[in-house]
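A.B. asks: Pasting a structure below so you can have a look.
None of the figures in this text is laboratory data; all of them are computed from the coordinates on show. This one's a predicted model, so the numbers in the text were calculated from it and none came from an experiment. Counting neighbours? That spans all protein chains shown, and the Cβs are built from the backbone with ideal geometry, glycine included.
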Amino acid sequence: MKTIPLWILLLLLSCNSQRMVKVKQGGTANPAPEKTEERSAPLLRDLTLDKSDGPDDGRFTLGIRGERIMYGYPVPLSTSHFILRVGERFASNYAGLGVTHIKSERKTVTHDGVPATEMRFRYHGVELIQRLIPLSRERTPQSDPAAVQYYRIAYEIRNQHTENQDVGLMLLIDTMIADNDAAPVQHSGRVVTTEGKYEGSTVPDEVLIYEAGRDLSRLTGQMFLKSGGSTAPDSFFIGRWPVFHSAVWEINPLPVVYGDSAVVLRWSPQSLGAGKERLLSTIYGVHPHSGSGLRALYDTPSEQKRIALFFASGSSRISEEGKEEIRKFLREHPPGKVLGVVAEAGADAPGSERGNLQLSRRRAEAVRAYLGTLGIATTHVIPKAYGDTRASQEVPRKKQDLDLPAELLYHATREATGKKLSVKEHLQKLLEERYKKAYGIREWGNPEDRRVDLIFFIEPGR
């Protein structure tokens, strides 16, 4: 066997080394593909600053034929919102809670084969997609606007972070049926007018929300909490909107009658792995007895302007000065520029709570009727009756028992009997007359408490 010269061996090794370099640099050779590990890319942005921003906040209201089943409709104004919880952090599409405010851009998409509105929010590595999907009477997707009976209020929550995160959601719906802002709620065959909390198995399958208790001939809202594809909330609250509206997560209901109604659905936090999602939804609309054609409106940025009207004690008649105040405002802001009006009416302390609530309602109705004569659609004027809840209580309703000398009590009783009054009523009138003469008080009570605040929503840029 011939021995290969050393210089030839060195030349062969040099050529093979150059070929290997070409292969690694993408030459003509075909090496086996490298195995790659699939994993989610880490978020490079600071999670403490991670939030979505855009022109829309996603708050919505629902109604039918110009009447509302949520506060605001048919004015593009909403007082309902959601709260997203990520660990111990909170974000909301309502800016007034002192937590991170998230906004986005509203789009119309095709979902389940029908047009639906969709918004994508982002907070702390979590994406929240809110969709309003129109449904038929059978609670199936419905594309015909005239046949919409309900909306599926759906939330798709996805963890885009590389680590597990505990994620929960709370949804507040400000219920108002037609003009009844204290709409009674029925579940499990009974009407509830006091605040309460329901958890676990006690959460009802569905609730009816009435304009007038148990009267299905009037406009009636219907909410499905467990059936029809709804995701049963871990907690469900019925009660006072002013209390619920300011709650970030914890709600402690009291057994009190609510005068401004709302419901809250709360889904407790659950751990979501990287890339995992959670689907939550509820269904809200009108009872089939109320017809169909439900519509959704979204909160629209607007310029707000206020004027105040003052009423005489015990009266719901607008004064001539008040009428001129309204006419003056509408000369500067013609009705065509007004998106809607909220009439917040109050009453001063004297009188019963029930009587003062009815009085404030009549004042709001009087303002709405007068605005109608000036070209503002009465359906776009939302009456809000507060009764004496905002009153200064300068004249306390609760009176002390009388402790009078026998002779004085004898004469007071005789005079009161002649005037067909109780002794307490007679003596109170004597005192009122005395102070009116002494201090020039023409009307008992605080005039500020008898005002109606008119909040005009003006279309921006007009």
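A.B. asks: Just grab the label-to-label distance for residue 303 and residue 414, each label 7 Å out from Cα along the Cβ direction, in nm (one decimal).
C.D. replies: Those two pseudo-labels are separated by 6.9 nm.
A.B. asks: What net charge is computed for the residues neighbouring residue 416, neighbours being all others with C-beta under 13 Å from the C-beta of residue 416, Lys and Arg scored +1, Asp and Glu -1?
C.D. replies: Counting the neighbours of residue 416, the net charge comes to +3.
A.B. asks: Counting Lys +1, Arg +1, Asp -1, Glu -1, what net charge surrounds residue 252 among other residues with beta carbon under 12 Å of its beta carbon?
C.D. replies: 0
A.B. asks: Which of the pairs 323/429; 103/328; 328/384 have their Cα atoms more than 28 Å apart in this structure?
C.D. replies: From the list (323/429; 103/328; 328/384), the Cα-Cα distance tops 28 Å for 323/429; 103/328.
A.B. asks: For a protection proxy built on the mean count of beta-carbon atoms within 10 angstrom, sort 188-196, 50-58 highest first, please.
C.D. replies: By packing density, highest mean first, the sequence is 50-58, 188-196.
A.B. asks: I've got another one for you. What does the charge count around residue 294 come to, taking other residues whose C-beta lies under 15 Å from its C-beta (Lys +1, Arg +1, Asp -1, Glu -1)?
C.D. replies: It works out to a net charge of +3.
A.B. asks: Excluding same-chain residues fewer than 8 positions from residue 419, which aspartates and glutamates have a Cα within less than 17 Å of its Cα?
C.D. replies: Correct list for residue 419: 432, 433.
A.B. asks: Hey, another quick one. Add -39500 (n - 2.57) for each DSSP H run of 4 or more in the chain, then divide by its residues: what number comes out at 222 nm, to the nearest 500 deg cm²/dmol?
C.D. replies: Taking each H run of at least 4 residues, the total per residue is -6000 deg cm²/dmol.
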